[in-house]
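Working notes for the structure below.
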Amino acid sequence: MSIREKIILLQGDLTEMNADAIVNAANNDLQLGGGVAGAIRRKGGEAIQRECNAIGSIPIGGAAITTGGKLRARYVIHAASMQLGGETTASALQAATAHSLRIAAERKLRSIAFPAVGTGIAGFPLAECAQIMLHEAAKYLKNPTSLEKIYFILFDGSSLAAFKKVWAEMAARGELDNSAAADRPPA
């Protein structure tokens, strides 16, 4: 299966994903406040926050895993791209994305679903987020891994369009695979 077939871009509700793990756009204190984290806490239940509290603070650019509580996903991987009340940086987003993928593979997970990490409360530019996250996912899939599907679940049409634009640019540069079908955007 090619990289093109393993990365899927969709518009939807991350908390409804039936993936092995969903990724929380987290702060390094793992406090599930607003945005994606708040939605995960509301739908997944307080057990997720209790597990985060037991883990404690993690480095910016790091990630940690908890159960999915009442969510469809078995796990939540908390990608810490910022400190509480702070902003996301490119290096923190890249590191948190890579760390999330490694944690999923270490657990032998087959699917993971990301939001556009850092583009909400943390104020990171959407186009740059798409570039960093898609590049990191494609790079990761060039090596052996248990991951069969990496989903990017975008909240609205403009976010989906930004990710599809970056996807098309990556395909045009040959970053996804060598097949002629690589230039088609994902479903």
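The values are calculated or read from the model by the stated rules, or taken from the named source; none is laboratory data. None of the values given here were measured: they were computed from a predicted structure. For neighbour counting, all protein chains shown are included, and Cβ atoms are generated from backbone atoms with ideal geometry for every residue, glycine included. Protein only, heavy atoms only, side chains kept; ligands, DNA and RNA dropped before computing areas. Shrake-Rupley method; radii C 1.70, N 1.55, O 1.52, S 1.80 Å.
Worth a mention:
- Pair list, Cβ under 9 Å, 6 or more apart: segment 121-147 residue without any contact (Cβ under 8 Å) to a residue 12 or more places away in the chain and under 20 Å from residue 2 (Cβ atoms), other residue open to solvent by less than 80 Å² (accessible area, probe 1.4 Å) and among the acidic types (Asp, Glu): 139/175
- Entry remark, segment 88-105: residues being surrounded by fewer than 24 Cβ atoms within 10 Å (Cβ to Cβ) and among the polar types (S, T, N, Q) number 3 in total.
- Of all residues in segment 56-113, exactly one satisfies the criterion of being farther than 19 Å from residue 22 by Cβ, modelled with pLDDT of 95 or more, assigned to a loop (DSSP other than H, G, I, E, B) and aliphatic (A, V, I, L, M), namely 60.
- Test for residue 85: is it open to solvent by 70 Å² or more (accessible area, probe 1.4 Å) and touching a strand residue (DSSP E or B) at 6+ places or on another chain (Cβ under 9 Å): yes
- Against the list (1) touching a Pro at 6+ places or on another chain (Cβ under 9 Å); (2) open to solvent by 20 Å² or more (accessible area, probe 1.4 Å), the condition residue 69 fails is (1).
- Checklist (1) within 14 Å of the chain's Cα centre (by Cα); (2) open to solvent by 20 Å² or more (accessible area, probe 1.4 Å) applied to residue 143, failing item: (1)
- Filtered residue count, segment 5-51, keeping only those that are crowded, with 22+ Cβ neighbours inside 10 Å and in a helix (DSSP H, G or I): 8
To keep it simple, each residue is scored yes or no on (1) more than 23 Å from residue 126 (Cβ to Cβ); (2) free of Cβ contacts under 8 Å to residues at least 40 places away in the same chain; (3) under 13 Å from the mean Cα position of the chain (by Cα).
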residue: 59; (1), (2), (3): yes, yes, no
residue: 66; (1), (2), (3): yes, yes, no
residue: 71; (1), (2), (3): yes, no, no
residue: 79; (1), (2), (3): no, no, yes
residue: 87; (1), (2), (3): no, yes, no
residue: 95; (1), (2), (3): no, yes, yes
residue: 102; (1), (2), (3): yes, yes, yes
residue: 110; (1), (2), (3): yes, no, no
residue: 114; (1), (2), (3): no, no, yes
